[in-house]
Amino acid sequence: MRPAFSLALLALVASAATAAPTSRSGAPDAKVAPPAAPLLDRVFASGSDSVRGTPVTVYTDRAAFLAAIAPGYAEHDFSEIAPGTSQPIGYTDGSNAWHYFIFTGVFATHPLYNGPGYISTDRVDDPISVATSIFDPPFTAIGANVWPSDFSLRPTSGQVVITVLMQDGTTGATETVDSNGPDDFRGFVANAPIAGIFVDAPEIDPPVPGESQDRWATLDNLVIGSAAP
Amino acid sequence: MTVPHRFRSTRRTATLAVLCACVFAPLAHADIALTGTSTPATYARGRINSFLLDLHVVSNAFAGVDALTFQLPEGVTLSAVRKRNTFTFCSNIHPLVNGMGTRDGGWYQLGWPVLDGCGSFAGSGDPGEEQIVIVDLDVPVGYTGDLPLTVHALGDGNGDPPNEADLVLTLGDEGAPTQPVVATVAKIAATAAGNAQSVLTLPIANTGAGTLTYTLTTATSDGITPADCGAAVNFPWIAIAPTTGSVAAGTHDDVALTLDASILASGDVTAALCVASNDPAQPMRAIPLQFHVDAAACAAADRLFANGFDDDTDGSCGHALRTFDQREAFLTAVAPGYETNAFTALRTGYVHGPLPFGNVYPYAVTAAPTNDIGDFYLFDGAGELSTVFASDTSTLTITFTGAPVTAIGGNVWGQMFQNLTSIEMNLQPPTTIRIELDDGTVESFTATSQQDFRGFVSTRPIHSLTFSAPEADIDGNYQWGVFDNLVVGSAR
């Protein structure tokens, strides 16, 4: 299958999953509370979690997330990525030969715009998409560092909204991160196949005088894997 | 914003008619081919050269070009690529521009290097589909001889493989100058307290060959009409040292210019500095000089500061501003450590300002008027900052946010990215450019190409400056006032 066709399929799934009210930036409208993911559970830095069996568990601590997934996961620090615009980036790796793309824009129509060793987007309204297709081996765990950056790729204030899309077309989780910088981590572990995530950085509202309200989603240290048995 | 092929409906219909006609004829399966020419066909060393490439994409299978890229010899880099007059019959084209600032770059189709099936530059049977693009090349001073520009077309997969073609355009070397070329200040404006003397530096550079010899005199000037340098007039308030000299190629002299306010009444006086030289292209160059004398005396007038001007940088004793219209002359007045930005890798689309740039000399760029959708529209590959709309109120403002900046210069011109009455994009018609510094100084001139340059070197910090192109052309169209290749630093 040609990459463009694969991406088109992913985008079609994505468009179905992001039918919620959106701002101009494509993020959930700040004035509208994002819909709570059903049965969403969260594990904080302690890594403790007393409730099991929920569809998606959210981790804020990388070590706890890695402890919750099986060995053989795929990990990318994007050190090989050249700064500037790029086409969608595809990988096939990990113990299950997971096949997934990192792209942006509906139908991947816009380029990524990467920094030295991390991923961002060219167009401010575009989210970063990390997604696989229904024809590829399913993964059930995904995590990354996420933060908002400015026009010059510098980390800046704001929020990042991560939407986890399941292979069955439902939204597995919607996580809003009040950014503290590039060390912010979110991981998601599910008991069903994950189609991918959409990482968006909504413009700040209200604008701060003398500061651009634009924010670009930025991502690094991606992990793809399976939930620990 | 509109897209170029939006205006091509007539041509599109014609092309579709040709395609329909092909149903009744055996389809050829020719591979992609490329022909074309460059205007100009020569390059100048040591600057960014702009080439208009009139390309023809030839394919009897009506294949298009997925990726149109440019390869350059060592040392030469791409500065920008822009479309002038291009056409495609694909409805889903999403090329991206990559490789600016390197030796290999251009337009790449989604999915590159996989062939897309419908290229973003359409081809047709011999003599091919005309595709006109603009390529800016940054040629270093040290590059000599022929410059091979390889245009590489990666076909979209229609027609027979290998679906690739190269066109090598050999650009000739205009050669090094054979004569001396004088480069100096274009304009001087100074202010001093009534009891102060202003001492500032007038660089006389030789950007040509051989030895430049020069003689400095003064003449009357009203600051508006060209000065008559043939009739020298000595002004007791102007002292020049030395008044004659010689400058080897690639070097410059610093001439001390002393303006004595103590013998003048308060108010404005004007004169012209006349630079006579053996530069055959500019045997006499007049530099307008405006000197304002404040009525108030300055307590620190007996002090001479490190900047060569008896100014304590707060303007209490006075200041001077030198305006340059030649990059080479400007750089002779800038201290080492300055920063340049060719804006070869901007994010694109609609964005809100301020946009941050710079490291040692950070600055923010804002665009006006502001819009909800964005203050800027940045074209991929253009390497320029531009406002969303072009109008008499559209401006770009640079505000310095860090270390004091006393030298700033760049190429400034008017760009017609697109308009509703022409299919041609990225024209650079003669445009009135207005630059206003935060102290109220206004520089206005007619820019005719992206080679036009303005630089300012001040004895006190420049906090901001605003660019605009506030006058419409005869058709009522406004140009976007844009700048590029910005140099930010301190006065030497």
Response to the item:
Taking the stretch A:84-96 and keeping only residues that are within 14 Å of another protein chain (Cβ to nearest Cβ) and of a type in the set (G, A, S), one is left with A:G84, A:S86, A:G90
Item to complete: Would you list the strands (runs of 3 or more DSSP E) that sit entirely within the stretch B:127-205 and hold 2 or more residues that are acidic (D, E) and at pLDDT 95 or above?
Response: B:129-139, B:164-173
Worksheet, complete the sentence: Picked from the stretch B:379-391 (must be hydrophobic (A, V, I, L, M, F, W, C) and either farther than 22 Å from B:E471 by Cα or modelled with pLDDT of 95 or more (or both)), the residue surrounded by the most Cβ atoms within 10 Å (Cβ to Cβ) is B:A382
Worksheet item: Would the stretch A:161-169 turn up any residue that is buried (at least 22 other Cβ atoms within 10 Å of the Cβ) and either within 14 Å of chain B (Cβ to nearest Cβ) or without any contact (Cβ under 8 Å) to a residue 60 or more places away in the chain (or both)?
Response: yes
Worksheet, complete the sentence: Considering residues that are within 11 Å of chain B (Cβ to nearest Cβ), within 18 Å of A:P182 (Cα to Cα) and not in a strand (DSSP E or B), the number found within the stretch A:125-155 is 5
Item to complete: Name, by its number, the condition in (1) among the aliphatic types (A, V, I, L, M); (2) within 14 Å of chain A (Cβ to nearest Cβ); (3) touching a Leu at 6+ places or on another chain (Cβ under 8 Å) that does not hold for B:V168.
Response: (2)
Discussion item. Tell me whether the stretch B:128-141 contains one or more residues that are under 24 Å from the mean Cα position of the chain (by Cα), assigned by TED's automatic domain parsing to the domain that holds B:H94 and of a type in the set (D, E).
Written reply: yes
Worksheet item: Can you name every residue in the stretch A:97-113 that is within 12 Å of chain B (Cβ to nearest Cβ) and in contact with a Ser or Thr (Cβ under 6 Å, 6 or more places away or on another chain)?
Response: A:F103, A:T104, A:H110, A:P111, A:L112, A:Y113
Worksheet item: Any chance the stretch B:425-446 includes a residue that's within 14 Å of chain A (Cβ to nearest Cβ), touching a residue at least 12 places away in the same chain (Cβ under 8 Å) and over 19 Å from the mean Cα position of the chain (by Cα)?
Response: no
Worksheet item: Just to be sure, is B:T448 touching a strand residue (DSSP E or B) at 6+ places or on another chain (Cβ under 9 Å) and modelled with pLDDT of 95 or more?
Response: yes
Discussion item. Looking at B:P369 and the list (1) crowded, with 23+ Cβ neighbours inside 10 Å; (2) more than 8 Å from chain A (Cβ to nearest Cβ), which single condition is not satisfied?
Written reply: (1)
Fill in: Residue list for the stretch B:72-102, filter: hydroxyl-bearing (S, T, Y), within 14 Å of another protein chain (Cβ to nearest Cβ) and either in a loop (DSSP other than H, G, I, E, B) or at positive phi (or both)
B:S91, B:T102
Worksheet item: Tally time: how many residues in the stretch B:448-469 are crowded, with 17+ Cβ neighbours inside 10 Å and closer than 26 Å to B:N426 by Cβ?
Response: 10
Discussion item. Could you list, ordered by first residue, the pairs with Cβ atoms under 9 Å in which the first is in the stretch A:171-185 and under 16 Å from A:P127 (Cβ atoms) and free of Cβ contacts under 8 Å to residues at least 60 places away in the same chain and the second is of a type in the set (A, V, I, L, M) and not in a strand (DSSP E or B), at least 6 apart or interchain?
Written reply: A:S179/A:A201
Discussion item. Given the criteria within 14 Å of chain A (Cβ to nearest Cβ), surrounded by 16 or more Cβ atoms within 10 Å (Cβ to Cβ), assigned to a loop (DSSP other than H, G, I, E, B) and not β-branched (V, I, T), does B:G117 qualify?
Written reply: yes
Practice prompt. Would you tally the residues in the stretch A:100-142 being over 19 Å from B:W112 (Cβ atoms) and without any contact (Cβ under 8 Å) to a residue 60 or more places away in the chain?
Written response: 4
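Listed here are the residues, each with its yes/no results for (1) out of contact with any Gly (no Cβ under 9 Å at 6 or more places or on another chain); (2) closer than 29 Å to B:G194 by Cβ; (3) not in a strand (DSSP E or B).
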site	(1), (2), (3)
B:A232	yes, yes, yes
B:F235	yes, yes, yes
B:S246	yes, no, no
B:A256	no, yes, no
B:S262	no, yes, yes
B:A265	no, yes, yes
B:C274	no, yes, no
Worksheet item: Which residues, counting only those in the stretch B:333-355, are of a type outside the set (A, V, I, L, M, F, W, C), away from chain A (no Cβ under 14 Å) and surrounded by 18 or more Cβ atoms within 10 Å (Cβ to Cβ)?
Response: B:Y338
Fill in: Restricting the stretch B:392-425 to residues that are assigned to a loop (DSSP other than H, G, I, E, B) and aliphatic (A, V, I, L, M), the residue that is surrounded by the most Cβ atoms within 10 Å (Cβ to Cβ)
B:V405
Practice prompt. Check whether at least one residue in the stretch B:402-423 is under 14 Å from the mean Cα position of the chain (by Cα) and within 14 Å of chain A (Cβ to nearest Cβ), and report yes or no.
Written response: no
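The values are calculated or read from the model by the stated rules, or taken from the named source; none is laboratory data. Note that this is a predicted model, so its numbers are computed, not measured. As a convention, Cβ positions derive from the backbone with ideal geometry for all residues, glycine included, and neighbour counts pool all protein chains shown.
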